[in-house]
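Trainee: The structure that follows is given in the form of structure tokens.
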Amino acid sequence: MESKEINEVGPIGIFDSGYGGLTVLREIVRQLPAYDYLYLGDNARAPYGTRSFDIVYRFTLEAVRYLFEQGCHLVILACNTASAKALRTIQQVDLPAMAPGRRVLGVIRPTVEVLRSLSASGHIGVFGTPGTIASGSYDMEIHKLYPSFSCSGQACPMWVPLVENGEAGGPGADYFVKKNVDSLMMSDSEIDTVILGCTHYPLLVDKIRKYLPEGTGIVSQGEIVAASLEDYLCRHPEIEHCCSRGAVVRYVTTEDPAKFDNLASMFMGEEVTSTQIVL
């Protein structure tokens, strides 16, 4: 793979197991519109949130390989589960042998980095998929950067299905959101900042805010990851120079394109047309 000319430019790859990463892509495109992007949704094998570490790692590596083959020099794992269960192994084990000149970044580190300026109490809550919460990735990253902070996680297994079935605005969503918010706050009443640790959750943010105590800060990942990407490209010109600038966004999915396009258009706020691939 690295036999290709390093000066050959390509799009920035954005990967998610499903649709949630589109909330990150949408903000990245808004903040950095000049670049080309290739979004890959592994929708046929979603959700990743309840799968084992080994399966998530294998699926994520297959997606990264595909995006590299399409000319991407930089890939963003716009998926908390993939970031939690696969990113470190891919960075430390696979990249040095597979593509030492390319980079794969996640969403957890940049999300945690902003907490110091947001939390007064140092008590952080995290809403996430069962896989993300079980991985302890947010706990580890928070304690690494802020040893005095405490972190409480709340698995929300129903939130992604609610979003993907178009029920984010319905009364059923209220029941499950309130149940999980109440459970988190009961675990630590001093929480003053919560992380939406899944890229689907911004579509539930109004209901989440409704049931959180007044004044609780909500950290959503789209703007944070976009700002972090902009900073990364400024600090790494050797990568930035390999990112093509045609302002083109393409979409590929492992699911039926018609199904993907319908939901993806809702996430992006504009018409989306995708192509089906096999990983």
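The values are calculated or read from the model by the stated rules, or taken from the named source; none is laboratory data. Worth saying up front: this structure is predicted, and the values here are computed from it rather than measured. Positions of Cβ are generated from backbone atoms using ideal geometry, with glycine treated the same way; all protein chains shown enter the neighbour counts. Side chains are part of the model used for accessible areas, which takes the heavy atoms of the whole protein and leaves out ligands, DNA and RNA. Shrake-Rupley method; radii C 1.70, N 1.55, O 1.52, S 1.80 Å.
Trainee: If I filter the range 190-208 down to residues being assigned to a loop (DSSP other than H, G, I, E, B) and not hydrophobic (A, V, I, L, M, F, W, C), which single residue comes out as most open to solvent (accessible area, probe 1.4 Å)? Give the derivation first.
Mentor: First, the residues of the range 190-208 that are assigned to a loop (DSSP other than H, G, I, E, B): 190-192, 197-200.
After this cut, where a residue has to be not hydrophobic (A, V, I, L, M, F, W, C) as well, the list is 190, 192, 197, 199-200.
Numbers: 190: 108, 192: 36, 197: 0, 199: 6, 200: 11 Å².
Ranking the qualifying residues of the range 190-208, first place goes to 190.
Trainee: Any idea which of 255, 214 is more than 21 Å from the chain's Cα centre (by Cα) and at pLDDT 95 or above? Explain how you work it out, then say what you get.
Mentor: Details: 255 fails: more than 21 Å from the chain's Cα centre (by Cα).
Matching residue, one of 255, 214: 214.
Trainee: Which residue is least open to solvent (accessible area, probe 1.4 Å), if the candidates are limited to the range 254-279 and must be in contact with a helix residue (DSSP H, G or I) (Cβ under 6 Å, 6 or more places away or on another chain) and among the charged types (D, E, K, R)?
Mentor: 255
Trainee: With 211, 251 as the choices, which residue is surrounded by 14 or more Cβ atoms within 10 Å (Cβ to Cβ) and over 27 Å from residue 173 (Cα atoms)? Before you say what the answer is, go through the steps one by one.
Mentor: Numbers: 211 fails: over 27 Å from residue 173 (Cα atoms).
The conditions single out 251.
Trainee: Follow-up question, since we're still on this one. Restricting to the range 42-78, name every residue that is at pLDDT 95 or above, surrounded by 24 or more Cβ atoms within 10 Å (Cβ to Cβ) and assigned to a loop (DSSP other than H, G, I, E, B).
Mentor: Once the filter is applied, which keeps residues that are at pLDDT 95 or above, surrounded by 24 or more Cβ atoms within 10 Å (Cβ to Cβ) and assigned to a loop (DSSP other than H, G, I, E, B), the range 42-78 yields 42, 72, 73, 78.
Trainee: From the list 232, 175, 201, exactly one residue is of a type in the set (Phe, Trp, Tyr), under 19 Å from the mean Cα position of the chain (by Cα) and more than 19 Å from residue 126 (Cβ to Cβ). Which is it? Talk me through it step by step, then tell me what you get.
Mentor: Numbers: 175 fails: under 19 Å from the mean Cα position of the chain (by Cα); 201 fails: more than 19 Å from residue 126 (Cβ to Cβ).
That would be 232, the only listed residue that is of a type in the set (Phe, Trp, Tyr), under 19 Å from the mean Cα position of the chain (by Cα) and more than 19 Å from residue 126 (Cβ to Cβ).
Trainee: Among the residues that make up the range 170-189, is at least one of them in contact with a helix residue (DSSP H, G or I) (Cβ under 6 Å, 6 or more places away or on another chain), surrounded by 20 or more Cβ atoms within 10 Å (Cβ to Cβ) and modelled with pLDDT under 95?
Mentor: No, there is no match, as no residue in the range 170-189 is in contact with a helix residue (DSSP H, G or I) (Cβ under 6 Å, 6 or more places away or on another chain), surrounded by 20 or more Cβ atoms within 10 Å (Cβ to Cβ) and modelled with pLDDT under 95.
Trainee: In the list 238, 214, which residue meets the criterion of being part of a helix (DSSP H, G or I) and either over 20 Å from residue 103 (Cα atoms) or out of contact with any Cys (no Cβ under 6 Å at 6 or more places or on another chain) (or both)?
Mentor: Numbers: 214 fails: part of a helix (DSSP H, G or I).
Among 238, 214, only 238 is part of a helix (DSSP H, G or I) and either over 20 Å from residue 103 (Cα atoms) or out of contact with any Cys (no Cβ under 6 Å at 6 or more places or on another chain) (or both).
Trainee: When the residues of the range 4-41 are filtered to those that are out of contact with any Phe, Trp or Tyr (no Cβ under 8 Å at 6 or more places or on another chain) and hydroxyl-bearing (Ser, Thr, Tyr), which remaining residue is least open to solvent (accessible area, probe 1.4 Å)?
Mentor: Applying the filter and picking the extreme gives 37.
Trainee: Regarding the range 122-139, can at least one residue be identified that is among the hydrophobic types (A, V, I, L, M, F, W, C), open to solvent by 20 Å² or more (accessible area, probe 1.4 Å) and not in a helix (DSSP H, G or I)? Quick ask: steps written out before the conclusion?
Mentor: Initial filter on the range 122-139 (among the hydrophobic types (A, V, I, L, M, F, W, C)): 124, 126-127, 133-134.
With the extra rule that they be open to solvent by 20 Å² or more (accessible area, probe 1.4 Å), the set shrinks to 133-134.
Within this subset, residues satisfying the condition of being not in a helix (DSSP H, G or I) are none.
No.
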